[in-house]
Every structure is written in C-alpha cells, then in structure tokens.
Amino acid sequence: MKDNIKLALAQINSNRGDKQVNLQKYEELSLKAKSQGADLIIFPEMSLTSYVIKDQVYELAEPIPGPSVEKVEAIAKKADIHIIFGMPEVSQKTKATLYNTAVLVSPQGYIGKYHKMYLPTHSVFEEKRYFRPGYQPAVFDTTIGRIGLTICYDIFFPEVFRLARLDGAQLIVCISASPAVRRNYFEILTAARAIENTAYLAYVNLSGIQEGLQFWGGSRLISPTGDVLAKAKYDEEDFICCEADFHDLRTAETFIPTLRDLRPELFSKLKHLSENI
C-alpha cells in the first residue's frame, strides 16, 4: 500500500447513450493519466452512459461484472492504472431493478462497486423513479490505499462519509452529476465532509449540457484539513492530476481530533429521532 498517490480527475462531458464513445474517452484519458504518473483516474457519475437518459436507462443498464466493466478492466490493464467510474447497473437477480453505481477497477481486474444510497427525487431529479437505493457503504483495500466510494447527493448526508472513514478509508471518492444550480452547496459540503472526517476527498463532476441541464464541473481534491489542493475548470471538460499524501492524515487527526472525540452513544439517539420525524 502506498503512502503517496497521484490522482487524475477526468471531468468529462459524456456522450448520451453511446457507451463506445465514452469508453474511448476512458481509454484515452487513462493512458494520458498514466503518462503523467497517475495511480488512479476518476470519472463522473453515470459517465459510461451520461446522466440524463430517462427511460433509456433500462436498455443501457448492465450487470456488474458485465461487458462494459470487462472493457474497463482491459483499459486498466493496458494503462496499468486504477479506474473509478459511474454507470447504471441492472440486478443479477431481476430484469428491471436498477442501481446508480460507482465501480472500482484495478490493473488486475474488478475490485468492487457501490450503490448510491441517497437518490434525489425533487426539482429536476427523478432517480427514485428508476433506481433502487443502496444499503451499504463501500470501502476497498487496494495497492494504492484504502478507498471509499460515494455518489453525488450522498454528500448531503454526513453519515455516509463517516461510515466510510470509520471503516478505514484514507481517500473518499465522490463521483457526481451536479447541475450548476447546486454548485455552492457542493463546494461547501465537499470541504465539510473532508474536514469532519480528516480524510482526503476527491470530487469529480460531469461537465457540459444535457437536456437543458448545465453540469458545472469544478472537480477537486480536498485535503483532510479542508484545503482545495487542485480544482478543475467550471462548466467545461478538464483533466487535472494531483497528489494525496496519506502521511497527512495523522497530522490532520491531531489538529482536528474529530474521530477521537466521537460520541457513539449519540448514534442510537440519532436513529430513534430519525425514525420518528
């Protein structure tokens, strides 16, 4: 396991419904990332298919592992790099149960996945119409560190990130498809999630315009003390490399001892009150 890793934040504008075009972008940018020394490249939420696909999602969703994941495995092996990306997944057990999923692949093959736990269904969002929510956090041991996965609207719920951190995540990745009207919220909340958990947080958002929705980009790496270490452009495709030094976790935990000062007895109270809103 490495103490210092280099990340590539691949802020792309996905081609709607065209997996082959998007997989080609994955390959080109993964090779570019490796040429710049990156250990991990991160693509946005639903970037395999694009986010705004409505009922087409039933045709585009795949099982995991499945054909597209196998293609990403081949890309990861060719580029010798870890890849995180988002896609619609269909259950192995039913024909129309779908998940909004983040996938983690290494040069050695598929590692694991995460089902988005919080599905926005308000204003322009209608995810509960299509997707079943996930029920478990996802943290994975890799040769480059212990990585937690989250997706977009999860950022509004601190417990998802706290669970990942308490399960040992050094880097928490949030892939996203956030439109511009939510930009201020995400800029605040990404910093808050990093600070309160004293962990690195990599946020990678879509860019471009889909069905009238403008995705604001602004992908970033945030330090365990809330510093923005790298930030992509707003409103357009961008690609940036940045570094995370896991030695900084100890310094951050000493300076901001939120993990030491946790009060577990409050968790049961939180559960009781949330069940009785």
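For LEU40, nonlocal amide neighbours, meaning residues 5 or more places apart or on other chains whose placed amide H falls under 5 Å from its own, are LYS6, ALA8, HIS82. What the chain shows is 44 Å² of accessible area per residue, with the surface traced by a 1.4 Å probe over protein heavy atoms.
Across the stretch 103-205, Cα pairs under 8 Å and at least six residues apart give a relative contact order of 21 percent.
Most simply put, the chain has about 65% antiparallel DSSP beta bridges, counting only bridges with both residues inside it.
Spin-label pair TYR234-SER123: with each label point 7 Å from Cα along the Cα-Cβ axis, the two points sit 1.6 nm from one another. Of the cross-linked pairs LYS6/LYS95; LYS2/LYS78; LYS19/LYS77; LYS54/LYS95; LYS25/LYS93; LYS6/LYS71, which ones have a Cα-Cα span greater than 28 Å in the structure shown? The answer is LYS6/LYS95; LYS25/LYS93. Surface calculation, 1.4 Å probe, protein heavy atoms: ASP238 sits at approximately 40 Å² accessible. Computed over the chain, the Cα gyration tensor eigenvalues convert (square root of 5λ each) into semi-axes of 26, 23, 18 Å, ordered from largest to smallest.
Summing Cβ point charges (Lys, Arg +1; Asp, Glu -1) relative to the Cα centre of the stretch 132-277 gives a dipole of roughly 380 debye.
Treat every Asp and Glu Cβ in the stretch 1-113 as -1 and every Lys and Arg Cβ as +1, leave all other atoms uncharged, and give the resulting dipole magnitude about the Cα centre to the nearest 20 debye.
60 debye
Rounded to the nearest whole Hz, the Karplus-based 3J(HN,Hα) values (6.51 cos²θ - 1.76 cosθ + 1.60, θ = phi - 60°) of the stretch 75-80 follow the sequence 5, 4, 5, 4, 8, 6, with x at glycine and proline. Pairs of Cα atoms nearer than 8 Å and 6+ residues apart set the relative contact order; for the chain it is 19 percent. Peptides 202-214, 110-122, 180-192, ordered by how many other C-beta atoms sit within 10 Å of their residues on average, highest first, read 202-214, 110-122, 180-192. For the chain, with all protein chains in place and a probe radius of 1.4 Å, 52% of the accessible heavy-atom surface sits on carbon or sulfur. The value of relative contact order for the stretch 1-102, using C-alpha pairs under 8 Å at least six residues apart, is 31 percent.
Proximity of backbone amide H atoms, modeled 1.01 Å from N, is registered between TYR200 and ILE172 at under 5 Å, excluding neighbours fewer than 5 places apart on the same chain.
Quick one: check the C-alpha center-to-center distance for the stretch 60-85 versus the stretch 211-246, whole angstrom. Using only Cα atoms to place each centre, the spacing works out to 23 Å.
Over the stretch 1-157, what is the percentage of antiparallel beta bridges among all DSSP beta bridges, to the nearest 5?
Numbers: 19 of 27 bridges.
Bridges in the stretch 1-157 that DSSP calls antiparallel: roughly 70 percent.
The values are calculated or read from the model by the stated rules, or taken from the named source; none is laboratory data. These figures come from a predicted structure and were not determined experimentally. All Cβ positions, even for glycine, are placed from backbone atoms using ideal geometry, and neighbour counts span all protein chains on display. To get the accessible areas, we keep the full protein, side chains included, count just its heavy atoms, and leave off ligands, DNA and RNA. Shrake-Rupley method; radii C 1.70, N 1.55, O 1.52, S 1.80 Å.
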